Amino acid sequence: MTEEPDAQDAEGRSGFSRRILRGGTEPDPRFTLANERTFLAWIRTSLAMLAGGVAVEAFMSDLFGPELRKTISVLLLVLALVIGGGSFFRWLNVERAMRRKTPLPLPLIAPILAAGGALVAAILVVVVVVRPA
């Protein structure tokens with residue numbers, strides 16, 4: 001007997017949800033909602049990096065040369081891509097850990113964000129220091 005894609009189990013979960021979450025028990029809704037808010041915060045951060053990358057490319061031609069402008073813009077856009085994509089996997093891994101009552105995983109996108117932000121800031125510091133007054 002095959003199960004329909006939209007069929008729900010006793011907990012009201014669809015087949016897709018069961019495949020993604022892979023078992024465990026339903027956690028307290030407050031924890032699930034907190035996990036979702038954290039996911040949305042990562043998405044907002046990703047969108048801010050995306051906007052920053054577009055802004056640098058569009059509006060900084062007077063301040064930076066084309067190579068530097070493109071470098072900073074691409075760094076911010078790649079950072080936005082990694083954070084945006086990584087935030088889903090972070091949400092999923094935390095949700096699975098809560099369902100299995102195992103320790104929460106370390107946030108691997110946090111050091112990526114910190115390193116990427118530090119790299120962009122370091123480039124900008126060098127530009128400001130080297131640029132004539």
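The values are calculated or read from the model by the stated rules, or taken from the named source; none is laboratory data. The model shown is predicted, which means the values in this text are computed figures rather than measured ones. Cβ coordinates were reconstructed from backbone atoms using ideal geometry, including for glycine residues, and neighbour counts include every protein chain displayed.
For this structure, a couple of remarks:
- Candidate set: region 64-78, residues that are in contact (Cβ under 8 Å) with a residue 40 or more places away in the chain and aliphatic (A, V, I, L, M); chosen: the one surrounded by the fewest Cβ atoms within 10 Å (Cβ to Cβ): 68
- Selection of region 97-108 for residues being farther than 16 Å from residue 37 by Cα and assigned to a helix (DSSP H, G or I) yields 97, 99, 100.
- Selection within region 41-81 - within 26 Å of residue 128 (Cβ to Cβ) and of a type in the set (Val, Ile, Thr): 45, 54, 56, 71, 72, 74, 78
- Options 18, 13; residue that is at pLDDT below 80, of a type in the set (Lys, Arg) and either on the phi > 0 side of the Ramachandran plot or in contact with an Asp or Glu (Cβ under 7 Å, 6 or more places away or on another chain) (or both): 18
- Residues that are within 13 Å of residue 46 (Cβ to Cβ) and touching a residue at least 60 places away in the same chain (Cβ under 8 Å) occur in region 94-109; there is at least one.
- Residue in region 111-132 that is in a loop (DSSP other than H, G, I, E, B), under 19 Å from residue 34 (Cβ atoms) and either over 18 Å from the mean Cα position of the chain (by Cα) or free of Cβ contacts under 8 Å to residues at least 24 places away in the same chain (or both) present: no
- Region 26-63 - residue that is β-branched (Val, Ile, Thr) and under 13 Å from the mean Cα position of the chain (by Cα) and, of those, surrounded by the most Cβ atoms within 10 Å (Cβ to Cβ): 45
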